[in-house]
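Have a look at the structure below before the remarks.
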Amino acid sequence: MADTDLSLIEPFEICSIRPPTENFSLTFRLTRNCGWNRCLFCPVYKQGVKFSRRTMEDVKKDVDRARAIDDLLTERGVCDPYPGTDVYREAAGLIAEINEVRSRSGIEGGTGDRRAAAGGGPSGEGEDSAAWFATWFKDTPTIEDSVYHLVSWRVNGGQTCFIGDSNSLVLNPAFFLEAASYIRQTFPGLARFTIYGRTRSAAEMPLRDLEVFKGAGLDRIHFGVESGCDEVLGFMKKGVTGEQHILGCRKTVDAGISCSVYVMPGLGGTRWSVPHAADTSRVITEAAPDYVRLRTLEVFPGTPLATAVRKGTFTEATEEQIVREIRTLVEEIETETTLVSDSASNLLDVSGRLPGDGPRMLEVIDEYLALSPREKLTFSLASRLQSFVGQYGGLTQEIMHAVMPFVAGDRIDANRASDDEIEGVIRLIRSRLMP
Ligand code: SF4
C-alpha cells in the first residue's frame with residue numbers, strides 16, 4: 001500500500017456531547033448545537049455557540065475525512081491488537097507527524113485538547129466546572145481530536161455511530177436518509193446508529209417521517225424527558241409537556257425505533273419534589289420507553305438555573321428528597337423498562353429491570369434512607385469520592401487538599417470532620433463531576 005500523503009489528512013467535526021453509551025462511537029454532526037437552547041438547567045450549548053444545519057456536501061466531506069484517517073490508521077497499524085501496544089501513544093506520534101507535515105505545508109491545524117477524546121480529567125487545579133465543561137466542546141475540528149476519535153472507536157469495536165448534535169429529528173428525513181446511507185456505505189462495519197431527539201419533535205412529526213429515520217438505519221433515539229411534571233417542565237423552559245413526552249416516545253416505538261429517556265431527579269427542587277416524581281412515574285408508565293436513565297440535577301455555574309438559585313426562585317432538593325424521588329419512580333413506574341443509574345451525578349447505584357428487580361432496588365434505597373443524618377453524610381462523601389475517581393481515574397490536588405484534614409494514615413476518616421466540612425467537600429466534588 002502506498003504511503004498516504006499526510007498533508008492531505010483533514011480533521012472532521014465530532015459530537016462532543018453524546019450519551020455515555022456512545023462514548024466510543026464514531027460521530028458525525030449533521031446539525032451543530034441546540035435549536036432550542038432555553039432549558040434553564042442545561043449548560044451544554046450555553047457557551048456562545050449557535051445552532052446551525054450543515055450542508056450535505058459538508059457532511060459527506062467529513063465522512064470522507066474520517067475514512068481517510070481510518071485508512072491511515074490501518075496503513076500504520078496503529079490499532080493492531082498486539083499485547084502491550086499503547087495505541088494512544090502510537091496515535092500521539094502519528095498526530096505529531098501529521099501536524100508537522102501540515103504545518104510545513106502551510107496548512108492550519110490546531111493541536112486541540114485531547115482530554116475529551118481520550119477521556120482524561122482536569123489538568124489545571126482550581127479550574128472551575130464551567131471552564132472545564134467548556135473544554136469538552138470541540139466546535140473547531142482538529143487533527144488531534146479526529147485521530148483520537150477514530151482510535152477510541154476502533155479499539156472499542158468500531159461498530160457504533162452517533163449522529164448529532166442535540167436533536168437530529170429537526171432534519172428533513174430525506175436528508176438524514178442520504179447522510180446515513182453515505183456513512184453506512186463508507187463505513188460498512190457500522191451496526192448501530194443512534195441520535196439525540198426532542199420528544200416534542202417526535203410528537204409533532206408524522207409517523208411516516210419517523211419510519212424514514214428507521215428505514216435509514218436509525219436504531220435508537222435518546223430523549224431528554226427530565227420530568228413528566230408540567231410545572232417543572234414549564235419552570236425549566238423545557239418547551240414540552242408531559243403529554244408530548246408520551247406521544248413522542250410512543251410514536252418512536254411505533255416506528256420500530258428503540259426509545260431511551262433521561263430523567264432528572266432533583267429537577268423539581270424542594271417545591272415540586274413530590275409531583276415531579278409522581279408525574280414522571282406516570283409519564284414513563286404511559287410512554288413505555290425501553291430505557292430510563294437517571295441523571296441527578298447538578299446546578300452548573302453560568303446557567304440560568306444557577307441565577308435562579310442565587311435569587312432564591314429555585315431551591316435545590318436535598319439528597320434525601322432526591323433519593324425519595326427515585327424511590328417513587330421505582331415503586332410507581334408500571335411498565336416493563338430498564339432503569340439505569342449510569343451517571344456520576346447519582347448518589348446511589350439503583351439499576352435493574354422493572355418491575356421484576358423493583359424489590360431489590362428498593363432495598364438499596366431503603367438502606368440509605370434508614371441511615372442517621374450523620375451516616376448519610378459520610379455515605380455521600382464516600383460515594384462522591386468513588387464517582388470522582390471513577391470518572392477521572394484519581395483525585396485532583398484540589399480535592400486532596402480539601403480532604404487532607406480528615407486523612408488518618410492511608411484513609412479518609414470522616415469522624416474527624418464536622419457536618420459542615422463534609423458538606424463542603426461533597427459540594428466541591430459534585431461541582432467537578434460531569435453529568
Ligand atoms: S433541548 Fe436539550 S440540549 Fe437543548 S437546551 Fe434543552 S436540555 Fe439542553
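Each value in this text was obtained by applying a stated rule to the coordinates, not by laboratory testing. All values derive from a computational prediction rather than experimental measurement. Neighbour counts are summed over all protein chains in view; Cβ atoms, including those assigned to glycine, are modelled from backbone coordinates with ideal geometry.
Things to note:
- Those lysines that a straight Cα-Cα span of less than 23 Å connects to Lys311, excepting residues fewer than 8 apart in one chain: Lys46, Lys237, Lys238
- Pairwise Cα inverse-distance average, inverted: Kirkwood Rh of the stretch 229-277 (Å): 11.8
- DSSP finds beta bridges in the chain, and of those with both partners inside it, around 20 percent are antiparallel.
- Most fluctuating residue given options Glu90, Glu204, Glu57, as computed from a GNM of the chain linking Cα atoms under 10 Å: Glu57
- Translational diffusion coefficient (Stokes-Einstein; Kirkwood radius from C-alpha pairs) of the stretch 354-406 at 20 °C, 1.002 mPa s, in µm²/s: 163
- Using alpha-carbon coordinates, inclination of helix 358-369 to the longest axis of the chain, degrees: 60
- The amide H of Leu30, built 1.01 Å from its N in the peptide plane, has Gly164, Asp165 as neighbours under 5 Å, considering only residues 5 or more places off or on other chains.
- Under Stokes-Einstein, with the Kirkwood radius over Cα pairs as Rh, the value for the stretch 375-432 at 10 °C and 1.306 mPa s is 140 µm²/s.
- Comparing Asn23, Asn33, Asn156 in a Gaussian network model of the chain (Cα springs below 10 Å), the most mobile by mean-square fluctuation is Asn156.
- For Lys60, a cut-off of 25 angstrom between C-alpha atoms picks up these lysines, skipping any fewer than 8 places away in its own chain: Lys50, Lys138, Lys214.
- The value of relative contact order for the stretch 375-432, using C-alpha pairs under 8 Å at least six residues apart, is 44 percent.
- Where both bridge residues fall in the stretch 289-435, DSSP classifies roughly 60% of the beta bridges as antiparallel.
- The stretch 262-316 and the stretch 23-100 have Cα centres lying 31 Å from one another.
- Neighbours of Gly228, meaning other residues whose beta-carbon lies under 10 angstrom from its beta-carbon, give a summed charge of -4 when Lys and Arg score +1 and Asp and Glu score -1.
- Take the Cα of Thr313, step 7 Å toward its Cβ, do the same at Arg374, and the gap between the two points is 4.1 nm.
- Shown in residue order for the stretch 214-219 are the 3J(HN,Hα) couplings computed by the Karplus curve 6.51 cos²θ - 1.76 cosθ + 1.60 at θ = phi - 60°: 4, x, 6, x, 5, 9 Hz (x for Gly and Pro).
- Shape box of the stretch 264-308 [Cα atoms, principal axes, largest first, Å]: 34, 21, 12
- Cβ-based net charge around Gly269, under 12 Å, with every Lys or Arg adding one and every Asp or Glu removing one: -2
- Using 0.36 nm per residue and subtracting the Cα-Cα separation, the extra length available between Asp357 and Asp254 on full extension is 34.5 nm.
- Relative contact order (%) - the chain, alpha-carbon pairs under 8 angstrom, separation at least six: 15
- Taking the C-alpha atoms of the chain, convex hull volume expressed per residue in Å³: 157
- Against the compact-protein benchmark of 2.2 N^0.38 Å, the Cα-based radius of gyration of the stretch 307-383 scales to 1.23.
- Trypsin sites (Lys or Arg not before Pro) restricted to the stretch 22-106 and DSSP loop, no more than 14 other C-beta within 10 Å: Arg38, Lys50
- Per residue, the Cα convex hull of the stretch 153-215 amounts to 82 Å³.
- Rg over Rh, two decimals, the stretch 231-375 (C-alpha only, Kirkwood Rh): 0.97
- Size descriptors for the stretch 153-300, from the alpha-carbon set: Rg then Dmax equal 16.2, 51 Å.
- Taken over the stretch 217-301, the ratio of Cα radius of gyration to 2.2 N^0.38 Å equals 1.06.
- Using alpha carbons only: equivalent-ellipsoid semi-axes of the stretch 296-435, gyration tensor based, whole Å: 27, 20, 15
- Mean-square fluctuations from a GNM of the chain, with a 10 angstrom spring cutoff on Cα atoms, peak among Pro43, Pro355, Pro188 at Pro188.
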